[in-house]
Amino acid sequence: MNHPLEITNLVKKFGGLTATDNLSFVVEKGKSVGLIGPNGAGKTTIFAQVMGEHRQTSGSIKVYGKEITKLSTSARVRHGVSRTYQIPRPFGNMNILENIRVGLMPDNIWQMITGNPDLDREEELALSVGFTPGDLMKTPSELSMGDLRKLEMARTMATDPSIMLLDEVFAGLTVSEIVQIADLIQKMRKDGMTFLIVSHDLKALEPMVDSAIAINYGAMIAHGTLDEVLANEDVRASYLGGTG
Amino acid sequence: MAQIIIQGLLLSGLYALIAMGFTLIFSVGRVLNLAYGSYLMIGGYVYFYLTQLLGVPKIVGILMATVAGCVVGLLIYRLLVKQLKGDHVAIEISTLILAVVLQAGIVLLFGDSSKILLPIVPGVIHVGGATVTFSILAATIISWVILIGIYIFIRKTHTGRAMQAVSMDAKGAAISGIDSDRINMITWGISGTLGAVAGVFFASYTQLSPSMWVAPLIIAIAVVIVGGIGSIIGTLVVAHIIGFMEILTTAILAPEMRGVFTMLLIIGVLVIRPRGLFGREEL
Amino acid sequence: MDLRWHHFALWAAFIGGMLALPQFVSSGTLRTIIFANYLAIFAISWDILSGRTGYISFGHPFLIGIGAYTTAILTKRFDIAVEYAIPSAVLMTMVGGLILFLPALRIKGSYFALVTLAFMELIYQLVQVIRPDLTGGTRGMSGIPTLTLGARDGFYLSFSLMAAIALSMWLLMRTRLGTALSAIGMNEESVRGSGLSTTRLKLFAFLTGAFVAGLGGAFYVHYLGSIAPRALFDINFLFTILVAALIGGLSTVIGPMLGAFFLTFLLEYLRPYLPGAERYFIYGGIALLLYMYEPKGILHLFSRGLDRWRERVSS
Amino acid sequence: MGHIANLREFSMNIKHVAITACAMSALFASTAFAEIKVGFIGSLSSDTGLSTLRGAEIAIDELNAKGGILGQQITLVTADTGEDVTEGIKAYEFLAETEEVDFIVSGSIDDVSLGWMPRMREFQIPTLDTWTSYIGIIDMLVEDFDSMRPYFMNIASDEALATLYIDFGKDVLKDQMGWNSVFILQEDTAFGGAINGLVTDALAPNAGIDVVDTLVYDVATVDFAPVFSRAVDSGADFIYLISSVNSQVVSSQYVKLQVPLGMTGVNVAALGQEFWEDTGGAGGGISTLSPVPSVGFRLDAASQAFLDTYQARYDSRPSFPHFNGYNAYFGVLQAMAAAEEAGGFNNTTWVDAMEKQDLILEIDGEMWIRYAFWGNDEVEPRTGRTYPHNVRFDITEPYDDGSPSMVVIQWYEDGSNAVVYPAKYATGEFVLPSWVEK
């Protein structure tokens, strides 16, 4: 049985510090998993290793059974994993459509030159994350934090991922923006997308996820449904302990 | 052998002084100030103008040169660097343009031809087969005094520690209530002052010419890049590596190759170990 | 590609107008335009390599110099025909581009700029020391065969070359490739995160930039007829290229062209009034002010002015 | 004195800046009436460039005062090279095509002249070089006379300088000082390489002086202490310096470090009267060969008159013209006289007329300085080669066919200077600096 994401015995050390401590878990197809833990627990480091931005010290990461630990970031994206960032990273001088265009491009210079951009698909993606036709020519400096997250979702979706890693999707958003993003994720779940979501906002996270994994000091301390995880003594202790 | 050591120490002391002002800016503001060489040029020319054209006493000349360097440093920070908030590449480009403009300004005021300064302290002594002029000896001693002074200033004073804090973590420093703008101002002022002093000694060692800013800039870049960010000790050590390498190349190998090794060192270190030999590893 | 008929009409008008120019202006003006053309080529190639990808190169004369020296040595010392010498020079320059690309795999920003500066200084010193019988050492070479005689022919050749390069680069950069290269300059991680191999894109940018630089450098030296290390591997030459691209407008093709013409004419028109070094003072001062005031360049100033004018007309 | 002159120069420069500020609006009144245009190409901010420019200015003003030539007034147009090769090419094009000058007088340095040389061939404008002495340019005339016809160089080429210098080695260094071995200190330039080659190949066999070692240094060298240490350690009797680019530094460090060896050779910075100021007085003991008329040179009446006019007219640097100032003054007069004879600057008739120019300046009825040119296939007897369009020099005693290609001058520790060789032209003695033990 091949899963969209399968992490086995993952270890990451920075000098003397262990950021990921022999972590293993699986995200099943069509499921949405919440990854929770206090500040500095090592959540973002896991994302970075899945994407190849940091190399793991040891362990394996498989996407649909395929070992990806030797691949470059861009190759991993083409294998179907994509992530968003806590602080969105749009292309500052490009409008919304152009931002999405980069995600839609084939990784082949000749095709980039000869092929034309798929304007319809660009617009479709932009509209699907909740932009209005009037927004399409706006550049990131004219967008709110919520809009930037939507833009990042759209660009990520443009790479046609089979699993999406969302990092602090609700951070810095207004209440109404949280609702918008949440609706978007729910819609994509219905369409069968697999998610691994990091969020501080446990309340907002709750309806988004099928199960949750709690980590602290880079090691898994609990897993199960979000309620079960939150009821776990170790998890409570880790949050109260403020291991920052 | 003795003369290589003596000559190496003298040259390296001067190089350390040249690089120090550049290191400070680079470590506190993370900015490469490519107009740094111009401080040396301005310092040298102000000193020349006052002492050799107006006949002002040498010590006053040096003081006024440092004042000029300090003022130019502050002006560059206020008018240029601050406007380009945080855009490192833009700062590099604009300081490079500024350096060329200042060079043209010097040509305008003093002409193209190079000028030799009178020795700051006349006389020579012979030590172990090497001839040492009092001028270069004075330059080396003063540069060591200044280097030690800067080291103590950074370690012991409140402002110095604030500079250290900003250099380690600008955001963290801001959170703990340090006014990083003020610290930057102070750093740019000190850097200009150090540059101008180094300029007086560098010019008295070599010559004054409108293109004299390039060589010290490259020395400073080499020292800082090879030494690593913000490490005063690293700066000192690398200044000696480069100084001795130059002396050795001249004395043993071909003198026309002396610059080649400095360049290779810059390229090699940047490509193999971008944080420098003594820089901190970052997470 | 989003090409409209008016784009081609504008290009055709520009090229046609320029080709008709020798009928109307003095040969002195044509000479000035020749230098502007070559500067435009250098600025365009710098922009492809640095302006778009954000890998600011302070060593562009390194590339131009490889192209110029290769063809100069081949034609002057080995009597090789220009038809073979220039393509060889372009190939050599692309090898140079590859050398510049290697550090770009590991470092970026200020560090990359410094490495390239060191490359320029290094080759400046090496050219004088290694095989001066070939390079002409410090004094350089004179009497390199020139391709054209007279201002008019020199103008036609340089302008055709510049226009061909500018038009093809303009077309190339309007494709998705151009978008991807600019995206690297804005955020390299996000480009990787979009599934594109930035290594390959950067390599393409460096090779294309080197190709254009080599082509420009080779034709330039066959126009000048002489070459000297001090004129090529020099901070002032770097400064001119950089400033042309910057004040024109980065990440465009028209911008560097505009910047090159602006700078060359500024310098040349100041000559009768200010014959000496003060020209550089004013020129650098203007460049600095413009860069500080409008980092996006003259082109941006124009289009903003145009927008404002349109608004006024429509309201 | 020097301080005051320098200060005045500085305040002049300040004024210059102020003028520059409003120059854009004030200066567009250009005189459009004159027909004869002379172009100056060279650096407007260097002593050598200014010497040529002022020499030409004085010559042109004298001619205009007498009613000009061919019935027309002469105007002078300047084009600055900033001693940059590419700028030099642009400057030449500007003179040729925008200003359409009839004649160009150049104070360019070697590589700048080489840079614009292809343009000279293209435009065929009569051009006179007064500073560069590079034999490579004369070789171009030998190889391809037709395309180089309008080019003249009225300074003796460096090969002739070196040949006469070897006589100095034999007569003075060897016979008078008793020196047997030399350490050659050569800057890394083509000029340095050329002179070095001539000295090593000829000095040793002809003068009987051994070359112990040769050291080539980079022009950017700032610290000569290790270099001089090597020279002293080599055990040579004296140092032979060849320096054209950075010679103030090497000279002043020689004095400041009190290097215990005599040093002579080619030291371009020491050719001008400003050398003493520029080295801050650290120039005593330096000697160098110099083209004529050098500092310390006895002047004939015509040259003295030129110098007087020069000094009455200019009070900024250079306070004395370099040799090329004289060359420019007499050269422009000759070029204009040739134009008068040829009826213009047509490059056949003008070149013929220019080739025939012959100005002999005498002292006490003896030939002292001569401005004339070698013919196309005239062979110089001692070197056995031709020097087409190079100034007619003489490298054999008693120097009665032309000016000697060079003299040796020396700076004394009190700031004075004199010609010390050849004997006929000497105004002083060759001496060692006081710190050198004999």
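The values are calculated or read from the model by the stated rules, or taken from the named source; none is laboratory data. Here the structure is a predicted model, which is why all the values come from computation and not from measurement. Positions of Cβ are generated from backbone atoms using ideal geometry, with glycine treated the same way; all protein chains shown enter the neighbour counts. When the accessible area is computed, the model is the full protein with side chains, heavy atoms only, and any ligands, DNA or RNA have been set aside. Shrake-Rupley method; radii C 1.70, N 1.55, O 1.52, S 1.80 Å.
Of the residues B:Ala254, B:Ala99, B:Ala173, the one that moves most in a GNM of chain B with alpha-carbon contacts below 10 Å is B:Ala254.
Spin-label pair C:Leu98-C:Ile80: with each label point 7 Å from Cα along the Cα-Cβ axis, the two points sit 1.6 nm from one another.
Put the Cα centre of region C:245-315 next to the Cα centre of region A:163-233 and the gap is 51 Å.
DSSP bridge analysis restricted to the protein assembly as shown gives an antiparallel fraction near 45%, rounded to the nearest 5. Once you have a ≥ b ≥ c as the square roots of the Cα gyration tensor eigenvalues for the protein assembly as shown, tell me rounded if a/c is under 1.5, and otherwise prolate or oblate according to whether a/b is larger than b/c. Prolate shape, in that a/c is at least 1.5 and a/b is the bigger ratio.
Of the solvent-accessible surface of the protein assembly as shown, computed with a 1.4 Å probe over protein heavy atoms with every protein chain present, carbon and sulfur atoms account for 60 percent.
The mean number of Cβ atoms from other chains found within 10 Å of a Cβ in peptide C:285-294 is 3, as a whole number.
With the cut-off at under 11 Å, measuring from each backbone N in region A:84-102 to a point 7 Å along the Cα-to-Cβ line of A:Lys138 picks out A:96.
Ranked from largest to smallest solvent-accessible area, with a 1.4 Å probe on the protein heavy atoms, A:Lys70, D:Lys424 come out as A:Lys70, D:Lys424. Calculate the tail of P(r) for region B:10-211: the fraction of all Cα-Cα distances greater than 21 Å, expressed in %. Distances greater than 21 Å cover 53 percent of the Cα pairs. Probing with 1.4 Å while keeping every protein chain in the model, the per residue accessible area of the protein assembly as shown equals 36 Å². Put simply, when A:116-122, B:92-98 are sorted by average Cβ atoms within 10 angstrom per residue, most first, you get B:92-98, A:116-122.
Legend: residues D:Thr264, C:Thr29, sorted from most to least accessible area (1.4 Å probe; ligands, DNA and RNA excluded), read C:Thr29, D:Thr264.
When the surface is traced with a 1.4 Å probe over the full set of protein chains, A:Glu228 keeps roughly 110 Å² accessible. Peptide packing for B:156-166, D:50-60 was compared via the average number of neighbouring C-beta atoms within 10 Å per residue; ordered from the highest value, the list is D:50-60, B:156-166.
Relative to one another, the C-alpha centroids of region A:14-39 and region B:53-72 are positioned 63 Å apart. The listed residues C:Trp170, D:Trp116, C:Trp5, once ranked by accessible area (1.4 Å probe) with the largest placed first, stand as C:Trp5, C:Trp170, D:Trp116. Take B:Thr131: with every protein chain present and a 1.4 Å probe, its accessible area is about 30 Å². If you plug the beta carbon distance of B:Leu75 and D:Ala305 into 1/(1 + (r/R0)^6) with R0 = 60 Å, you get a FRET efficiency near 0.75.
Within 10 Å of the Cβ of each residue in C:20-29, the mean number of Cβ atoms contributed by other protein chains is 2. Only protein heavy atoms count here; on that basis, with a 1.4 Å probe, A:Met137 has an accessible area of about 130 Å². When C and D come together, around 3100 square angstrom of accessible surface is lost from both chains combined, probe 1.4 Å. Specify whether the C-alpha gyration tensor of region C:27-234 places it in the rounded, prolate or oblate class, a ≥ b ≥ c being the square roots of the eigenvalues: rounded for a/c under 1.5, otherwise prolate if a/b is larger than b/c and oblate if not. Because a/c hits 1.5 or more and a/b fails to exceed b/c, region C:27-234 counts as oblate. If you take the Cα centroid of region D:212-238 and the Cα centroid of region C:207-237, the two points sit 35 Å apart. Only bridges whose two residues both fall in chain D count here: according to DSSP, what percent of them are antiparallel, nearest 5? Just about 30 percent of them are antiparallel. Simple spin-label estimate for D:Val436 and A:Asn116 gives 8.3 nm between the two label positions (7 Å along the Cα-to-Cβ direction from each Cα). With each pseudo-label sitting 7 Å past Cα toward Cβ, what's the A:Asn2-B:Thr159 distance in nm, one decimal? About 6.6 nm separates the two model spin labels. In terms of its C-alpha gyration tensor, chain D has a prolate overall shape, because the principal axis ratio a/c (a ≥ b ≥ c, square roots of the eigenvalues) is not below 1.5 and a/b outweighs b/c. Per the accessible-area calculation with a 1.4 Å probe, the total area buried between chain C and chain B rounds to 3400 Å². Highest mean first, the peptides C:64-76, A:124-136 sorted by other C-beta atoms within 10 Å per residue fall in the order C:64-76, A:124-136. Legend: mean number of C-beta atoms from other chains within 10 angstrom of residue C-beta atoms, peptide D:273-279, equals 3.
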